[in-house]
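Below you'll find the structure, written out as structure tokens, and then a few comments.
The values are calculated or read from the model by the stated rules, or taken from the named source; none is laboratory data. The structure displayed is predicted, hence computed values, not measured ones. Cβ atoms come from the backbone with ideal geometry, glycine included; neighbour counts cover every protein chain shown. Just the protein is used for accessible areas: all its heavy atoms, side chains included, with ligands, DNA and RNA removed. Shrake-Rupley method; radii C 1.70, N 1.55, O 1.52, S 1.80 Å.
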Amino acid sequence: MNEKNSTEQHRRPLFDVLKQHEKKEKVSFHVPGHKNGINWDESLDSFHSMLPFDQTEVSGLDYLHEPVGAIKESQDLLSGLYGSKKSYYLINGSTVGNLAMVMGSTNKGDQVFVDRSCHQSVIHALELAELRPIFLTPELTEVDEAPLGITLERLKEAFENYPSVKALIVTYPTYDGMVYPLKELIDHARKSECLVLVDEAHGPHFTLGDPFPASALDLGADVVVQSAHKMLPSFTQTAYLHIGKQASLSLKNKVEHYLHIFQSSSPSYPLMLSLEYARYFLAFFNEKDLKTTLEYRDLWKKQFEHAGIEFLQSSDPLKARVSWANHSGEVLAAQLEKQGIFGEKIDHATVLLTFPLLKQGTDVGKPFSIQLLQQEENEWIKNKKKTVSIDPHTELDLDYDSQKKRTIERIRLEEAEGRIAAQNITPYPPGVPFVLKGERLTIEQIKQLKYYLSQSMRVVGLGNEMDLVVFSEND
């Protein structure tokens, strides 16, 4: 398993300093207002033991944006585990990491390659930085047409058309846990002195090594953002940002500058404490723990297959999609949820499952049998999704600078063909924009959005009356 751990990884400096403070503080005359929980309702008793750790930057504690004590030590241990030039705790999620990564690695007007299946936070970063994005369309899986990553051939073709690109921004692994030859992309980008920025939201555990895929940092990425909370035992809203060892000092300093701008000036100590614990958990994850983890996954795999559900293992051993022949993902998810089984993501064909990393001896209970009731009407055949054709690489129809000068109007979805979207339209989850702000809508996109709505999917950017915001054509 992980060969990067050492005896010093046993240390938990942030936990230690907070425990010391808890013993010292008898009366709180500082923020936060719950004063270690003295004014919380009895119904919230389960939180009380945590509240003394919900501190502010009082004497003896450190400050996230200019750490010199326990937080610095804690982040240094994180950097040591991942093998980075420097690593940072993010208390505003991967969203703030993606914003700082893109803003800190580019300059206004730069051309950048962007994985078309990127998270909406990357799109927001492109707009804030006023970049000129060229979107690369990923390959799709045959089973459910899910993004499978950018091919080397597609990247080479893109560089032939856009030789002055400054950065390549990719998602690795995909939301579904699939990986692709990222090392080949990084090596090719290096030939053009192009930075490689990786949204590795779903891969913070890849540092463990085999049987998990290689981590983006180990493959040579310049900046990597990870959602610790997605796959590690840390609180929701927590993430890591890593600077690659080969990255320049100026790049590190600029990314750090934007982290200071975008992150809260009152960072949550419980969130940081959970990030420290996640690092500690990973550092001593061993072969016996891996065996426990994979055995738990395999027990559930048997239950799904026994119920007649196909189990599609992803590149990541902790990710799998399940599908039910002649039924949509929505139908399968509804039946699973009635039995208390809730997946991570539902699409037209599958339900995505994420399995936990487990330590040996963890009591997680035994998997129970799954019962499926056949549907009378075959909704899967009637409503099966059709692929929306997108060119291999595309630019916005209206750049960010021009967007600022346009007025907007709201129209009905069925009237939107050929109009330029004034807002990202994003099915959630996974939070990947289906229509980009500044992109001209096609009839295929409109049909697909209607399908999403017919399946009661949450689509951010569409109103309750199936309307949307577009740029005016009269400016």
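Look at the range 328-339: where a residue is more than 11 Å from M457 (Cβ to Cβ) and a partner is open to solvent by 30 Å² or more (accessible area, probe 1.4 Å) and among the polar types (S, T, N, Q), sitting 6+ places away or on another chain with Cβ atoms under 8 Å, you get S328/N383; S328/Q455; V331/Q375; Q339/Q371. Among the conditions (1) farther than 22 Å from L148 by Cβ; (2) at pLDDT 95 or above; (3) among the aliphatic types (A, V, I, L, M), L318 misses just one, which is (1).
Looking only at residues in the range 125-155 that are closer than 30 Å to N253 by Cβ and free of Cβ contacts under 8 Å to residues at least 40 places away in the same chain, the one that is surrounded by the most Cβ atoms within 10 Å (Cβ to Cβ) is A125. Count of the range 163-174 residues, restricted to those that are farther than 14 Å from P213 by Cβ, open to solvent by less than 40 Å² (accessible area, probe 1.4 Å) and part of a loop (DSSP other than H, G, I, E, B), is 1. Filtering the range 275-296 to residues that are within 22 Å of the chain's Cα centre (by Cα) and open to solvent by 10 Å² or more (accessible area, probe 1.4 Å) leaves Y277, Y280, F281.
Looking across V68, V122, V102, one residue alone is surrounded by fewer than 18 Cβ atoms within 10 Å (Cβ to Cβ) and β-branched (V, I, T). It is V68. The criterion of at least 3 residues that are of a type in the set (A, V, I, L, M, F, W, C) and under 19 Å from A129 (Cβ atoms) is met by the following strands (runs of 3 or more DSSP E) wholly inside the range 188-266: 195-199, 223-226. Note on the range 136-157: among residues that are closer than 18 Å to T350 by Cβ and part of a loop (DSSP other than H, G, I, E, B), the one that is modelled with the highest pLDDT is P138. I need a count of the residues in the range 417-439 that are in a strand (DSSP E or B) and either assigned by the TED database to the domain that holds A333 or crowded, with 19+ Cβ neighbours inside 10 Å (or both). Here the count works out to 6.
Of all residues in the range 1-51, those satisfying the criterion of being modelled with pLDDT of 70 or more and among the β-branched types (V, I, T) are T7, V17.
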